[in-house]
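Notes follow the structure.
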Amino acid sequence: MIKSMTGFASLTREDERGSLGLTIRAVNHRFLDLQLRLPSTLADLEPRVRAIVQKRLARGRIELSASLQLRQTTSAQIELQEDFARSIAAAIDVARERGLVKGELRPGDLLRMPQAFVIRDRAVEGELLGEAFAATVESAVNEGIDQLEAMRMREGEHLAADLDARKCTLATLIEQLAAAAESGRRDLEARLSERVRELLTIVPVDQVAVAQEIVRVAQRSDISEEVTRFRGHLSHWAVLASAAEPCGRKLDFLLQEMNREINTIGSKADGLHVSEAIIEAKAELERMREQVQNVE
């Protein structure tokens, strides 16, 4: 399925405890690049939010921002980071033994170190604020992703229509190239045969050997294999675009293969209008490549 990587979603959830605002922005990116901005009161929920997004989105640069405004008073829960405090005390003891510092480690010294304490808001019922809003946040994130996906699918429909039109143009061009190259091959054979007939009046040669050499030279401009592979790439494109899973990177690789076939055809084919069709085909492939960069 062709789905855009660009999208936006915004929603608000309110209840008796407070108001939760959520905004999700998405732009194209080679991989999934997730940026979360949660208030400190919801910091404990970041792993859950990240897991939800990673499960539902495959590619894109995703910026998710949340805000929380409370209607009820909260109390603070202060936790001492005992391991950190012990390490500081031990380091000060060593420094004192070496005469580098004097005095004891005081409570005020620890208060000046932000790593020594963790402060969390606690709801009035005694539950941690993050846990109290966990279900609301998870539900809001899922709803926000639903909105984002709906927008990305709508944009994907426009991308698919544009890419399908360009694919049809390529299908027409490859048939024109095949016809022009075949005509050019026949013209080459005719020119070589005419030149050989002129030379036969001057120098006698083995006509059978000359005819075989003419065929070999003309076969060097045969592009039937490249045309067959290109047609196969066009058919594979339709399969990838209609599949349920994200196809952006596969389509990008397929375009590289199609461009390689066009380059080979351009180096081998000889005929009127071949160069013009090659340039037009490469231009269409480049336009498709630019569009595919925004496909998930």
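The values are calculated or read from the model by the stated rules, or taken from the named source; none is laboratory data. Keep in mind that this is a model prediction, so the values were computed, not measured. Here the Cβ is made from the backbone with ideal geometry for all residues, glycine too, and neighbour counts use every protein chain on show. Only protein heavy atoms, including side chains, enter the accessible area calculation; ligands, DNA and RNA are left aside. Shrake-Rupley method; radii C 1.70, N 1.55, O 1.52, S 1.80 Å.
So which aspartates and glutamates pass the test for Lys268, namely a Cα distance under 13 Å, with those fewer than 8 places away in the same chain ruled out? Partners found: Glu182, Asp222, Glu225, Glu226.
A simple packing score, the average count of other Cβ atoms within 10 Å per residue, orders the peptides 145-155, 28-38, 173-183 as 173-183, 145-155, 28-38, with the highest score first.
In Å, the Kirkwood hydrodynamic radius of the range 1-40 over pairs of distinct alpha carbons?
Working: mean 1/r = 0.0792 Å⁻¹.
So the Kirkwood estimate lands at 12.6 Å.
Backbone phi angles across the range 138-154, fed through the Karplus curve with coefficients 6.51, -1.76 and 1.60 (θ = phi - 60°), yield HN-Hα couplings of 4, 5, 5, 4, 5, 5, x, 5, 4, 4, 4, 5, 4, 5, 5, 6, 4 Hz in residue order; Gly and Pro are listed as x.
Just subtract the alpha-carbon distance of Glu79 and Thr169 from 0.36 nm times their residue separation and send over the number in nm, one decimal. Intermediate results must be reported in sequence, preceding the final value.
Values: separation 90, 0.36 × 90 = 32.40 nm, distance 6.65 nm.
Between Glu79 and Thr169, full extension yields 25.7 nm more.
Residues in the range 282-288 carry Karplus couplings, in order, of 5, 5, 5, 4, 5, 5, 5 Hz; the curve used is 6.51 cos²θ - 1.76 cosθ + 1.60 with θ = phi - 60°, and Gly or Pro positions show x. Database remark: amide H of His29 closer than 5 angstrom to the amide H of Gly60, Arg61 (H placed geometrically; neighbours at sequence offset of 5 or more, or on other chains; Pro and chain starts carry no H). Of the peptides 45-58, 88-101, 1-14, the order by per-residue mean of other Cβ atoms within 10 Å, starting with the highest, comes out as 1-14, 45-58, 88-101.
Once the 1.4 Å probe is applied to the protein heavy atoms, the range 1-76 comes out at 53 Å² accessible per residue.
Each peptide in 15-22, 238-245 was scored by the mean count of other Cβ atoms within 10 Å over its residues; highest first, the order is 15-22, 238-245.
Residue by residue, the range 31-36 carries 3J(HN,Hα) couplings of 10, 8, 10, 9, 10, 10 Hz when phi is fed to the Karplus relation 6.51 cos²θ - 1.76 cosθ + 1.60 (θ = phi - 60°); x denotes Gly or Pro.
Pull up the cross-link candidates among the lysines for Lys3, meaning alpha carbon to alpha carbon under 22 Å and not fewer than 8 places away within one chain. Hits, sequence-local ones excluded: Lys55, Lys167, Lys250. A Stokes-Einstein calculation at 20 °C with viscosity 1.002 mPa s, built on the Kirkwood radius of the range 23-110 over Cα pairs, returns a diffusion coefficient of 123 µm²/s.
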